[in-house]
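Below is one structure, written out as structure tokens, with a few remarks after it.
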């Protein structure tokens, strides 16, 4: 599969209410191969937290908050995928979504404006039951990328050593 950059656009972030959820959207996006995330509401603490993870565990994931989502999405030169409970089934959509172009995945925090449905090239449903945007994004990215990003070495200062019990995080010698 030829894969170019995958970007996330988070619409409707409410810093006091959604700080953990949006953090987890960003961390999931990073872990599953996205290049970066745009968030419509300014949130310096969120930016600093995600940048700290990138500094420690590597990768070139980017985060930008306080953007005008309409401008970002309008000017994006690639495929726009909107994850929504009301879209086309994921298994059917994956057959038609091109993998040789940049992709912007729109993930809402609250009710998404109707323009999002209109602008999206694909409105994709990850199941037809209420669930979290973290789960929807994770399932979509895992299936779209065949899980290829999960165990990539990102040249970080630290790495996690998988083991059956316990937590092993080691500093990587430079």
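Screening the stretch 81-131 for residues that are closer than 23 Å to residue 148 by Cβ and part of a helix (DSSP H, G or I) and picking the one that is farthest from the chain's Cα centre (by Cα) gives 92.
Of the residues in the stretch 55-65, not one is more than 16 Å from residue 30 (Cα to Cα), surrounded by fewer than 17 Cβ atoms within 10 Å (Cβ to Cβ) and at pLDDT below 95. In the stretch 155-168, the count of residues that are assigned to a strand (DSSP E or B) and exposed (fewer than 15 other Cβ atoms within 10 Å of the Cβ) is one or more. Considering the conditions (1) buried (at least 18 other Cβ atoms within 10 Å of the Cβ); (2) under 30 Å from residue 159 (Cα atoms), residue 126 is excluded by exactly one of them, (2). In the stretch 53-64, the residues that are touching a residue at least 40 places away in the same chain (Cβ under 8 Å) and at positive phi form Cβ pairs under 6 Å with partners that are surrounded by fewer than 18 Cβ atoms within 10 Å (Cβ to Cβ) and not in a helix (DSSP H, G or I), at six or more places apart or across chains, as follows: 58/154; 58/155; 58/156; 59/154.
Could you check how many residues of the stretch 47-77 are within 25 Å of residue 173 (Cα to Cα), in contact with a helix residue (DSSP H, G or I) (Cβ under 9 Å, 6 or more places away or on another chain) and assigned to a helix (DSSP H, G or I)?
Number satisfying all stated conditions: 5.
Being touching a helix residue (DSSP H, G or I) at 6+ places or on another chain (Cβ under 7 Å) and either under 24 Å from residue 62 (Cβ atoms) or surrounded by 15 or more Cβ atoms within 10 Å (Cβ to Cβ) (or both) is the requirement here; does residue 143 meet it? Spelling it out, residue 143 is indeed touching a helix residue (DSSP H, G or I) at 6+ places or on another chain (Cβ under 7 Å) and either under 24 Å from residue 62 (Cβ atoms) or surrounded by 15 or more Cβ atoms within 10 Å (Cβ to Cβ) (or both).
The values are calculated or read from the model by the stated rules, or taken from the named source; none is laboratory data. Not measured: the values here are computed from a predicted model. Cβ atoms come from the backbone with ideal geometry, glycine included; neighbour counts cover every protein chain shown.
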